[in-house]
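All remarks here apply to the structure that follows.
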Amino acid sequence: MAIRTRIAAGISAAAVSLSLVLAPAAFAQDAMQQDIDFKNSLSQGHDVVQTRADQERRHFEGQRDKARHHRQLHQQETR
């Protein structure tokens, strides 16, 4: 039993280490994409803040619609 526990702990530690190693790369990629979007918007003459705000608004509207749909399904199931 102790060997299995040690193996499980080792695998868990490896998974945590790997996730910590890969996390900065994901953040860097997001930052680079934001830089690219910013440069593209400057060349096109668009307002970056407005574009980002529109993206966020559309995202949250989509989330709201999904939640509304799930509530309706749940209400139908409980009837």
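The values are calculated or read from the model by the stated rules, or taken from the named source; none is laboratory data. Not measured: the values here are computed from a predicted model. Here the Cβ is made from the backbone with ideal geometry for all residues, glycine too, and neighbour counts use every protein chain on show. Only protein heavy atoms, including side chains, enter the accessible area calculation; ligands, DNA and RNA are left aside. Shrake-Rupley method; radii C 1.70, N 1.55, O 1.52, S 1.80 Å.
Quick notes on this one:
- Looking across segment 25-79, not a single residue is at pLDDT 70 or above, open to solvent by 100 Å² or more (accessible area, probe 1.4 Å) and among the β-branched types (Val, Ile, Thr).
- Residue match in segment 3-10 (condition: of a type outside the set (A, V, I, L, M, F, W, C), exposed (fewer than 10 other Cβ atoms within 10 Å of the Cβ) and modelled with pLDDT of 80 or more): yes
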